[in-house]
1. Determine whether segment 190-204 contains at least one residue that is surrounded by fewer than 16 Cβ atoms within 10 Å (Cβ to Cβ) and basic (Lys, Arg).
2. Could you check segment 111-129 and list, in sequence order, the residues that are within 16 Å of the ligand (Cβ to nearest atom) and either modelled with pLDDT of 95 or more or surrounded by fewer than 22 Cβ atoms within 10 Å (Cβ to Cβ) (or both)?
3. For ALA67, are the conditions met, namely being at pLDDT below 95 and within 16 Å of the ligand (Cβ to nearest atom)?
4. Please verify whether ALA159 is assigned to a loop (DSSP other than H, G, I, E, B) and free of Cβ contacts under 8 Å to residues at least 40 places away in the same chain, treating the condition exactly as stated.
5. Quick one: would you say GLU76 is within 16 Å of the ligand (Cβ to nearest atom), at negative phi, surrounded by 14 or more Cβ atoms within 10 Å (Cβ to Cβ) and modelled with pLDDT of 95 or more?
6. Is it the case that some residue within segment 82-102 is among the polar types (S, T, N, Q), closer than 18 Å to VAL238 by Cβ and away from the ligand (no atom under 16 Å from the Cβ)?
7. Taking only pairs six or more apart or across chains, which ones have beta-carbon atoms under 8 Å, a first residue in segment 217-235 that is under 26 Å from LEU179 (Cβ atoms), and a second residue that is among the aromatic types (Phe, Trp, Tyr) and surrounded by 10 or more Cβ atoms within 10 Å (Cβ to Cβ)?
8. For segment 42-64, give me the residue count where each residue is within 16 Å of the ligand (Cβ to nearest atom) and hydroxyl-bearing (Ser, Thr, Tyr).
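The values are calculated or read from the model by the stated rules, or taken from the named source; none is laboratory data. No experiment lies behind these values; they were computed from the predicted model shown. When we count neighbours, we look across all protein chains shown, and the Cβ atoms used for this are built from the backbone with ideal geometry, even at glycine.
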Amino acid sequence: MAIVQSRSCVFCGKKPNGKTREHVLPYWLLELTGDPTRVVTLGQDFSKEKKPIRYSWSNYVAPACDACNNKYSKLESNIKPKVEALLRREALSVGDYVELLDWLDKVRVGIWLVRHLIEKHPSKISPNFHIESRIAQKDRMVAIYVLDAHPKGINLLGADSMIFNDMPSCFGLRINEMLLLNISSDFFCSAGCGFPFPATMKLQIGGSNSGKMVLQNFQYPTDTMHPITKLRLFKPVVWLYQPIPWPSTDLNFQGGFLGHVNKFDSRLASLVLEGANARERCSDNSRAALRHTVHFQTSSNLMKLSALPRRS
Ligand SMILES: [Zn+2]
């Protein structure tokens, strides 16, 4: 069955102008992992006593505007060679990993939106964000695992849980012999990366701001922590964290947080990818400089992907 019941664009949430459909798991990925028309079981139809839903991967699609679809097809064409390189166990640049994190945001949110469509909104929530408003907006992480002797294929791990239905913050994506574990949430790793973070976050329930989060008691850690978070994961091959400061449209407002008055925070800037050159770059585009921040967890038990033997 084709997933086209809802007429909201999976990228921007507006009514699409045409009949374009977006493969939330891109077609190149379906081809890379087997027959794109293979039929799988994923999800349950909550309107029919939780009957398992079976469909072809190639029909795992959502409505999209033509313009949005074209815009994000560039991300797909950029990512394909990077995923292929990872499958060959080659190293990527930090910039490539940032793009991979963008792509994982896209896939994760896309899967969440499609699941609401095919399962008929089991948790009765109305998604109030879409792919465009969620890419590179919140702290995020990817852990990469290498799986030996796995057949070709895709698995979406955790994406069929009820908690994912309410809160699409974490999922695992198996691509042949590689597993990408991806997490993204508000200030999920800011404290550990030495970035400002709110000590309290309260969800407003009721009133005019119902559903919004109130952030209070900002703290300014002076150093990075090891480990960066308390996540207890099996040892991955690559483990990356990226704190994302709260977006601000004021280019002079470096921290992007209410009450943060420093025009230029040299300590924070030293933690961004541009490092010592951040001051000049910030004058042009402070948000980009601060957003493009990646912390590699460098504990001795981790290896770079390139350190692994390549397969023939
Ligand atoms: Zn759109």
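1. yes
2. LEU117, PRO127, ASN128, PHE129
3. Values: at pLDDT below 95: yes; within 16 Å of the ligand (Cβ to nearest atom): yes.
Taking the combined requirement at face value, the residue satisfies it.
4. So ALA159 fails the test.
5. Working: within 16 Å of the ligand (Cβ to nearest atom): yes; at negative phi: yes; surrounded by 14 or more Cβ atoms within 10 Å (Cβ to Cβ): yes; modelled with pLDDT of 95 or more: yes.
So GLU76 fits the description; yes.
6. Yes: segment 82-102 contains one or more residues that are among the polar types (S, T, N, Q), closer than 18 Å to VAL238 by Cβ and away from the ligand (no atom under 16 Å from the Cβ).
7. Close Cβ pairs (under 8 Å, with a partner that is among the aromatic types (Phe, Trp, Tyr) and surrounded by 10 or more Cβ atoms within 10 Å (Cβ to Cβ)) amount to ILE228/TYR241; THR229/PHE188; THR229/TYR241; LEU233/TRP239; PHE234/TYR145.
8. 0
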